[in-house]
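S.K.: A single structure is presented below for examination.
The values are calculated or read from the model by the stated rules, or taken from the named source; none is laboratory data. Please read all numbers here as calculations on a predicted model, not as lab measurements. Every residue, glycine among them, receives a Cβ derived from its backbone with ideal geometry; neighbour counts consider all protein chains shown. The area values use the complete protein model at the heavy-atom level, side chains included, leaving out ligands, DNA and RNA. Shrake-Rupley method; radii C 1.70, N 1.55, O 1.52, S 1.80 Å.
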Amino acid sequence: MNLKKNWKVRTLLAASLGAGLLAAQTQAAAQAPWPEKTVTMVVPYSAGGPTDVVARMLAIPMGKSLGQTVIVENTVGAGGTIAPARVAKAAPNGYTILIHHMGMATAPALYKKLNYDPLKDFEYVGQVMDVPMTLLSRKDFPASNFQELLAYVKTNKDKVTLANAGIGAVSQLCGMLFAHQIGVQLTTVPYKGAGPALNDLMGGQVDLLCDQTTQTAPVIKDGNRVKVFGVTTPRRLSSMPNIPTLDEQGLKGFDVKVWHGIYAPKGTPPAVMEKLNTALRAALQDDMVKHRFAELSTEAVPMDKVTPEALRTHLAAETEKWGKVIKAAGVQAD
């Protein structure tokens, strides 16, 4: 009996010690400094495209703030929906995050089936920036101003080719709104990214492209590779004040800005989210980042928008807004 009692006591003691050790290890893991390794920022579009450019500008200063390297990884495909699906399913530990533009808000209306819910499957780090867009043509396009462009397009209609960075890309949405507002059907030419679309525009293979200044500002300022017919915001850009808006040239109410935000998988610990937000805020106030943004005719959003709540609220409002626009236009990506 004594042997049995001793055995039971030893068994219970071992179990208690094991449970205590496991609890201590769990608590230590929870209290371990974060990050302890590289953080991956996933971009839904190709290298060299507008969102990729923004990601690479932010990665270095964010990494400096975090004390670990932040690498940029391009996960391309399905109109920018593969990357969010991947991040939504990633471990909620902050080591895999997503940077995405307004495609997070347009995807629910464009796609009948999504493998993620933008409003339920993510934690929100904060907004990043609002990027204006520009309407461009190949350099030898017959029109020399916006009124001539309208006349040419309305006469030639589907003979005019309109490039975009793929189904669901903001360049597609901007082009769709342009064609819808002037009442014509153009021949759209989708590419696997904004970079290839712009390259073919400069090469004369396509006629028109509407894309972000983070992509187009350098070639516009070059002055010899494309023609520019207007900016998509209600006000002219301070960096390129000679370019009129589409609104002032007759497309009343035309207003397309490309906003960006950073996300993490749902369930990422609050302490990790706070560090990611702090790193983002530090990056947006970095002098080199401000300089590069200015070169690309954009700027960071005010600091009161660089918060989880501000991004969550903005995403919800934009999802509702673009859902109505896309439904009215009858556009579907699948």
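S.K.: Once you place label points 7 Å from the Cα toward the Cβ at ILE182 and ARG235, how far apart are they in nm?
M.R.: Calculated label separation equals 2.7 nm.
S.K.: Still on this structure, please answer the following. Looking at the stretch 112-166, what % of the alpha carbon pairs are farther apart than 13 Å?
M.R.: 76 percent
S.K.: Given H placed 1.01 Å from N in the peptide plane, which residues other than close sequence neighbours of GLY49 have an amide H under 5 Å from its amide H?
M.R.: Result for GLY49 returns GLY195.
S.K.: Now, a different point. Quantify, in whole percent, the carbon and sulfur part of the accessible surface of the chain (1.4 Å probe; protein heavy atoms only).
M.R.: Looking at the chain in its full context, I get 55 percent from C and S.
S.K.: Another one. As a test question: what accessible area, to the nearest 10 Å², does PHE254 have when a 1.4 Å probe is rolled over all protein chains in place?
M.R.: 10 Å²
S.K.: Can you figure out the FRET efficiency of THR155 with GLU36, using R₀ = 56 Å and their beta-carbon distance, to the nearest 0.05?
M.R.: 0.35
S.K.: When ligands, DNA and RNA are left out and all protein chains stay put, how many square angstrom of accessible area per residue does the chain have with a 1.4 Å probe?
M.R.: Values: 15670 Å² over 334 residues.
Computed with neighbouring chains in place, this is 47 Å² per residue.
S.K.: At 1.4 Å probe size, what's the solvent-accessible area of LEU198? Round to the nearest 10 Å².
M.R.: Counting only protein heavy atoms, the figure is 10 Å².
S.K.: Right, something else. What length, rounded to one decimal in nm, is gained on full extension from LYS252 through to GLU274, with 0.36 nm per residue of separation minus their alpha-carbon distance?
M.R.: 3.8 nm
S.K.: Could you pull out every residue, at least 5 positions away or on a different chain, whose amide H is within less than 5 Å of the one on THR188? Hs are placed 1.01 Å off N in the peptide plane, and Pro or chain starts have none.
M.R.: Residues meeting the amide H criterion: LEU162.
S.K.: Leaving ligands, DNA and RNA out of it, rank ILE82, ILE182, ILE60 by accessible area with a 1.4 Å probe, largest first.
M.R.: ILE60, ILE82, ILE182
S.K.: Next question, about the same structure. Can you give the log10 of the normalised intensity I(q)/I(0) at q = 0.07, 0.12 Å⁻¹, computed with Debye over equal Cα scatterers of the chain?
M.R.: At q = 0.07, 0.12 Å⁻¹ the computed log10 ratios are -0.34, -0.82.
S.K.: Something else: If GLU148, GLU36, GLU309 are ordered by their accessible area, calculated over protein heavy atoms with a 1.4 Å probe, which sequence runs from highest to lowest?
M.R.: So the residues, ranked largest to smallest area, are GLU36, GLU309, GLU148.
S.K.: Per 10 Å bin, what is the whole-percent P(r) computed from every C-alpha pair distance within the stretch 184-313?
M.R.: 10, 31, 33, 20, 6, 0
S.K.: Considering only protein heavy atoms, with the full assembly of protein chains and a 1.4 angstrom probe, order HIS314, HIS180, HIS291 by accessible area, largest first.
M.R.: In descending accessible area the options line up as HIS180, HIS291, HIS314.
S.K.: Compute the separation of the alpha-carbon centres of the stretch 291-328 and the stretch 84-144 and state it in Å as a whole number.
M.R.: Between the Cα centre of the stretch 291-328 and that of the stretch 84-144, the gap is 10 Å.
S.K.: Still on this structure, I have one more. If I stretch the segment between LYS324 and LYS290 completely, what's the gain in nm (0.36 nm per residue apart, minus their alpha carbon distance), one decimal?
M.R.: 8.8 nm
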